[in-house]
Amino acid sequence: DFYNNDNSVFDTADGDKHGTHVSGTIAASVNNQGVVGVAPNVKILALKFLGPQGGSTSDAIAAVEYATQMGMRMGMRISNNSWGGGSYSQALKDAIDSSGMLFVAAAGNASNNNDTTPFYPASYTSPNILSVAAVNDQGNLASFSNYGASSVDISAPGVEVLSSVPGGSWAFLSGTSMATPHATGTAALAASVNARLLNDPQNLKKLLMDNGKPDCATLGKTATGDMVDAYAVVQAAGGSPPPNPAPCASPSPPPAAAPSSSPPPAAAPSPSPPPTAAPPGGGKHKHKKRHHGRRH
């Protein structure tokens, strides 16, 4: 816990149901209770650097660096990042770049175009970042979700998602935070059938992007116009041909005008040009500097 500088990640006073909910979407067990995670047999390393008042960029960097060290020792190479906010930080980008992990990041919940209004960390140009938007149960972009034809990679369910919360219960939550763990769990499933992907985050990212389910409502809103498709990704990771979903229909071109049987008559020439008009005459523990990072 980098926020409270202790080893107790869960703190009731900090409102930590957000992390519990995200974790459930990734890895909730098959036990006939509540929900089942996308990758129910994976192990999770829980790191916390946000609290009721947000968090500091320095703590975010410390958490990423710790995850990197543990990943090298224990083989954890996929990072879920259901958070964001604050200004550009080269130090944070450098930590992500050198992490060697697939860094799955929430696109944000401000209904903004990330192409023109970047949202960090999802908007860093790091090649190992997979930025995830949220869609509802109809495949439509969530009203709150950020988007970006070049800066947001793919979408996943993020509206009224049921998952675990503290106290042995379950709740519905919405946000790109809820969409992101669907992509993270799918990446973990892919690595479970092809372990080499763990050491190749860019190829793992590409696998998810190349094997999504066409979501016509997000065309022009994400780089792929696709929603995460766990089945197709696992098939492709295992070397089997993935399903071949129907692409979104392209709009039909307008009918061509029929050629005229004879050219129109030429306009009669004007006897003299009109006079030229004259121009007008005149004329953001020990107090740390905190940014506005938020769970998303």
- Note on the structure: Out of (1) closer than 27 Å to residue 197 by Cα; (2) more than 15 Å from the chain's Cα centre (by Cα); (3) assigned to a loop (DSSP other than H, G, I, E, B); (4) not acidic (Asp, Glu), the one residue 120 does not meet is (2)
- For residue 35, state whether it is in a loop (DSSP other than H, G, I, E, B), touching a strand residue (DSSP E or B) at 6+ places or on another chain (Cβ under 7 Å), under 20 Å from residue 179 (Cα atoms) and of a type outside the set (Ser, Thr, Tyr). yes
- Name the single residue, out of those in region 61-98 being closer than 19 Å to residue 185 by Cα and small (Gly, Ala, Ser), that is surrounded by the fewest Cβ atoms within 10 Å (Cβ to Cβ). 75
- So which of 86, 108 is at pLDDT 95 or above and at positive phi? 108
- Please determine, by comparing only the residues of region 124-149 that are aliphatic (A, V, I, L, M) and in a loop (DSSP other than H, G, I, E, B), which one is most open to solvent (accessible area, probe 1.4 Å). 149
- Is it the case that residue 48 is closer than 28 Å to residue 169 by Cβ and either part of a loop (DSSP other than H, G, I, E, B) or open to solvent by 10 Å² or more (accessible area, probe 1.4 Å) (or both)? yes
- Is one or more of the residues making up region 286-293 at pLDDT below 95, part of a strand (DSSP E or B), open to solvent by less than 100 Å² (accessible area, probe 1.4 Å) and not hydroxyl-bearing (Ser, Thr, Tyr)? yes
- Item | In region 36-45, residue surrounded by the fewest Cβ atoms within 10 Å (Cβ to Cβ) [restricted to those that are modelled with pLDDT under 95 and of a type in the set (A, V, I, L, M, F, W, C)] | 45
- Listed by first then second residue, the pairs whose first member lies in region 65-77 and is in a helix (DSSP H, G or I), whose partner is open to solvent by 20 Å² or more (accessible area, probe 1.4 Å) and of a type in the set (D, E, K, R), with beta carbons under 6 Å and at least 6 positions apart or on separate chains, are 71/77
- Qualifying residue in region 204-212 (condition: in a helix (DSSP H, G or I), out of contact with any Leu (no Cβ under 9 Å at 6 or more places or on another chain) and either open to solvent by 50 Å² or more (accessible area, probe 1.4 Å) or acidic (Asp, Glu) (or both)): yes
- Query: Taking region 150-175 as the region of interest, how many residues are in contact with an Asp or Glu (Cβ under 6 Å, 6 or more places away or on another chain), in a loop (DSSP other than H, G, I, E, B) and surrounded by fewer than 19 Cβ atoms within 10 Å (Cβ to Cβ)?
  - Reply: 1
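The values are calculated or read from the model by the stated rules, or taken from the named source; none is laboratory data. All figures in this text were calculated on a predicted structure; none of them were measured in a lab. Using ideal geometry, Cβ is built from the backbone for each residue, glycine included, and neighbour counts are taken over all protein chains shown. Side chains included, ligands, DNA and RNA excluded: accessible areas come from the protein's heavy atoms. Shrake-Rupley method; radii C 1.70, N 1.55, O 1.52, S 1.80 Å.
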